[in-house]
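Please read the structure below before turning to the comments.
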Amino acid sequence: MKKLFFGLIITVILIFASVSGVSAGFFNTDVGDVDCNGKITTKDVLSVRKHLGGVPLENQYMDMDAADVDGDSKITTKDVLALRKGLGGIINIPEEYGNVNSGYPISRMSVCGVLLENYKILVPENCNDNIDVFSGKLADYLEQMTGVRLTVTDVDDGSPMIEIRPDTEDKYSLGGEGYLIETTGERVIIHGGVKRGCMYGILDFVENYAGVDFRKSGVKKENWKRVTVEEGIRDMWIPAFDYRCVRISGYSGNLEEYLIPNKTNALESNEMLASARYGHGLGRTYTNAHSFEYLIESCDANHNPCLTNEDIYNECLDNVLALIEQRAAWGYNIGEEMNQISCSLNDTPHYCSCTSCKAAAMAEESLAGPLIRFVNRVAAVVDVEYPEIDLFTIAYFDFRVPPKNVCPADNIIICYCWNGCNNHTFGSGECKDESHYAINYNNNLEEECFKDWAEKTDKLYCWYYTTSFIYHLAPAPNVYNIYDDFSWLYAHGAVGIFAEGSGNNTFEGLKGYLCAKMEENPLMTREEFMDNICVFLKDTYGGGWEYILEYMDMQDEAGNGVGCFVNNYEMPFDTYSRSYMAENYEKMEELFNNAYAEAETAAQKAAVRKTSVHMYFLCLSATYESDYVNGTPEQREAWEYDYKYKFYSYAKATGASAGHGTFPATNEITGSPTYMWYSDETGSRGNN
């Protein structure tokens, strides 16, 4: 069974409640609060006096920047006097001295012992577009948080500098995207990989050391008070995944305040990522991975081509080369704006069964045999003429079994489209031994296929489905799976993940955020993963976020009640236990009502209502027979009221999506919600 996370709430609340202000080489405390205990006491006065007398302090976490009460950049007896006046009630220290830059989240910021206003931002002469744009962003963010506007210059005049330094010689093994942040002397040096490393270093610097919040909705001007960035910092990030893509409804928001800071680098997240401004992201020229229908005139979307036909091979090759030549003529820099081309299966299980294709499949003991042989031939020509370009192809449907002998060429990316069980986590061993009825695969078999592909290629991606594209009102209850699944993929050879989902009624935005964070750091702890969940929920739902978290645990249990499920194939009560939803309707509704009551803003209240839509859909469907068809007059009346004035009205008011179902034109009741919206009464497993 999947692990419930609600028991970790106490830990997370303690994290939120921490007031020590100590974190990774910088302090964030109130003026005068030298010992960082959240208040000014005689101990603070004593600490300053000891400091002035040269007496070593016992507590290594003393924030001596907070001892500079009068803000003159030095600690003197005037600061001691100010503290004593504050303790005596003669002055109010926060009002008297707390705001050097009034009205900004950070009242005073010093870096390596020097006030921020003495710094400049140093960029290389003739820097690229990515550094030019984001060095300006660095100045913007620091000004938003402190009120101090730093000059951007390419002249090193010896003054304190935040230096943006591309690692052109790969001295620090940063590759194209990694960064190293160092503080030394009166310098902050952001070493960055030559493609996007400086950009990521800049964004992490302002997030980690200047209070900019990219966790969900961009800059959040909370009071960070006084900030001291200490000397001796050495922060490094090297990407675990080369390709990091999230295309999920509810996640793909503002590019520069959401996608980029969370280190999404794939064109499928946003086509603008191809531009020099963002360091030329990765991705397919054809956004749609199913490309044979575009490359081969005789092949329509409902069929796959003959992969042993010489004329079809020549046509496909000619069109791939023509596509590259066309983009080059348009001014694309081959290898940068254009670095991958899809040469891949159509979105259909129908494949060629001619004698030659059958023979190739039998020889390789896999339908992927003729596919890889075909794409290898195209790749060989592309590699000679355009070595900067990779071909992208998918292991999809029955093509997921890797061929026995042939391996993909070095310039081919294999994207494995995972279609096992979505209820159990990868590597858990919880799936039944027999194949799943819907697609003849479960996670046990799927894991073996993936590991076999990893033996054949160093360029293995995973296409990860987060929810049902069909039943948006029955979203897959698998939020917590993301942690274990992404950890497993990283440990077993994945170098890229394309996370895809749809629907906007429930936790898809959260899933998108969590996928991005796990792509950024698949080695995070489970507690860090939980922290990301709680921060997102708090921002989205406000003061009642803990009720939503408790509901998520119940949603998870409802999924556990049905065993294995495949979220993109199965009906609502194949992914949720009907009996669990019926028995817990009252409790679930209470959680949403409590969350709504404690939400602080109109947007947060609307988010609670919108998320509740799928709960009402499932619970009303689960209780339709007992309460509406066979219930007492009172039960029937209550059920009808909930359907018309809660579920239907909330769905309409919040713009809830039905997916492939039909949003009824009126709130008239003609059957169970599952029947009215999806023409399904029970689900393929019956009344579970």
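The values are calculated or read from the model by the stated rules, or taken from the named source; none is laboratory data. Since we're looking at a predicted model, the values are computed, not measured. Positions of Cβ are backbone-derived with ideal geometry, glycine not excepted, and every protein chain shown enters the neighbour counts. Accessible surface is based on the protein model in full, side chains and every heavy atom, while ligands, DNA and RNA are left aside. Shrake-Rupley method; radii C 1.70, N 1.55, O 1.52, S 1.80 Å.
Structure above, values below:
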| quantity | calculated |
| --- | --- |
| Overall dimensions of the range 462-556 as given by Cα atoms, namely Rg and Dmax in Å | 13.2, 41 |
| The chain, accessible surface, carbon-and-sulfur percent (1.4 angstrom probe) | 48 |
| Charge context of Asn304, other residues only, Cβ under 15 angstrom, K/R +1, D/E -1 | -3 |
| Accessible-area value, Trp488, 1.4 Å probe, nucleic acids and ligands omitted, Å² | 30 |
| Phi to ³J(HN,Hα) by Karplus 6.51 cos²θ - 1.76 cosθ + 1.60 over the range 453-464, Hz, x for Gly, Pro | 5, 4, 6, 9, 8, 8, 10, 10, 9, 10, 8, 10 |
| Long-range amide H partners of Phe565 with built H, under 5 Å | Asn422, Asn423, His424 |
| Heavy-atom SASA rank of Arg196, Arg636 (probe 1.4 Å, accessible area, largest first) | Arg636, Arg196 |
| Rotationally averaged projected area of the chain (alpha carbon convex hull; nm²) | 35.0 |
| Relative contact order for the range 93-162, counting Cα pairs under 8 Å that sit 6 or more residues apart, in percent | 39 |
| Protein-only accessible surface order, largest first, of Thr467, Thr168 at 1.4 Å | Thr168, Thr467 |
| Accessible solvent surface per residue of the range 247-343, calculated while the other protein chains remain in place, 1.4 angstrom probe, Å² | 39 |
| For the range 249-295 versus the range 334-348, the gap between their alpha-carbon centres in whole angstrom | 13 |
| Calculated P(r) of the range 309-460 - Cα pairs past 20 Å, % | 54 |
| Where GluC sites (Glu not before Pro) fall in DSSP loop in the range 123-170, at most 10 other Cβ within 10 Å | Glu125, Glu169 |
| Hits among lysines - C-alpha to C-alpha of Lys644 under 27 Å, sequence gap 8 or more where chains match | Lys587, Lys605, Lys610, Lys652 |
| Value at 222 nm in deg cm²/dmol, rounded to 500, when DSSP H runs of n ≥ 4 in the chain each add -39,500 (n - 2.57) | -11500 deg cm²/dmol |
| Restricting the range 321-406 to GluC sites (Glu not before Pro) in coil, as DSSP defines it, with at most 16 other Cβ within 10 Å | Glu336, Glu365, Glu388 |
| Whether the range 566-651 is rounded, prolate or oblate, judged on the alpha carbon gyration tensor where a/c under 1.5 counts as rounded | oblate |
| Whole-percent pair-distance distribution, where bins are 10 Å wide, for the alpha carbons of the range 383-519 | 12, 40, 34, 12, 2 |
| Of the trypsin sites (Lys or Arg not before Pro) in the range 364-472, those whose Cβ has at most 16 other Cβ within 10 Å and which sit in DSSP loop | Lys404, Lys432 |
| Relative contact order %, the range 34-183, counting alpha carbon pairs below 8 Å whose residues are six or more apart | 17 |
| Under 19 Å between alpha carbons - lysine pairs in the range 327-484 that sit 8 or more apart or on different chains | 5 |
| Contact order relative to length of the range 285-394, as percent, for alpha carbon pairs under 8 angstrom and 6 or more apart | 37 |
| Over the range 270-321 - Rg/Rh using Cα atoms and the Kirkwood inverse-distance radius | 1.13 |
| Lysine pairs in the range 136-295 with Cα atoms under 16 Å, if 8 or more residues apart or on separate chains | 5 |
